[in-house]
1. Provide, for q = 0.19, 0.21, 0.23, 0.26 Å⁻¹, the log10 of I(q)/I(0) from a solvent-free Debye sum over equal Cα point scatterers in the range 45-111.
2. Can you tell me how much longer the chain between A23 and T50 gets when fully stretched, taken as 0.36 nm per residue apart minus their C-alpha distance, in nm with one decimal?
3. Across the range 44-56, in residue order, what do the Karplus-derived ³J(HN,Hα) couplings come to in whole Hz, using 6.51 cos²θ - 1.76 cosθ + 1.60 with θ = phi - 60° and x for Gly and Pro?
4. Between H111 and D77, how many nm apart are label points set 7 Å from Cα along the C-beta direction?
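Bear in mind that the values in this text are calculations on the coordinates, not laboratory data. As the structure is a prediction and not an experimental result, all values here were calculated from the model. Note that we place each Cβ from the backbone using ideal geometry, even for glycine, and neighbour counts take in every protein chain shown.
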Amino acid sequence: MKTKGRRLLEISGKEEIARETGADFWTGKTSCWETCHCPPSIKNECPVSTYTFLPCWEIEGTFCKLQKHGAIVTGTDTSICAICRIYKKYGGGRAIELKLSGKGIDSAMNHRQGRKG
Ligand code: SF4
């Protein structure tokens, strides 16, 4: 079983490789922000447009995953992805697993409010 620290290290490595190779999940595809017509104010804050080496459903805290639980905002519930046309089109039937955490809108909002999410 992978520890969270190990998985984050793996992501760091993957991010490094993506930077070096210019790997981009959305190459040749219609991105989620295009399909959903996200305005620039949302697209620019959403981690999907920064971490393009991963599909949106593998990134915590995308705009569409945000949920408010009292004072805390979370972005880990991928149940919306399971029924999303973008995942259905590009997910290849693979199980949904979050691979990048702590970079999303949820983290930014909780940080701004001085809370841990
Ligand atoms: S609901 Fe999930 S699969 Fe659909 S656009 Fe949002 S993050 Fe991507």
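1. Those come out to -0.67, -0.80, -0.94, -1.15, one per q.
2. Working: separation 27, 0.36 × 27 = 9.72 nm, distance 1.23 nm.
My answer for the length gained is 8.5 nm.
3. Couplings: 5, 8, 6, x, 4, 7, 9, 9, 6, 7, 10, x, 4 Hz.
4. For the pair H111/D77, the computed spacing is 2.4 nm.
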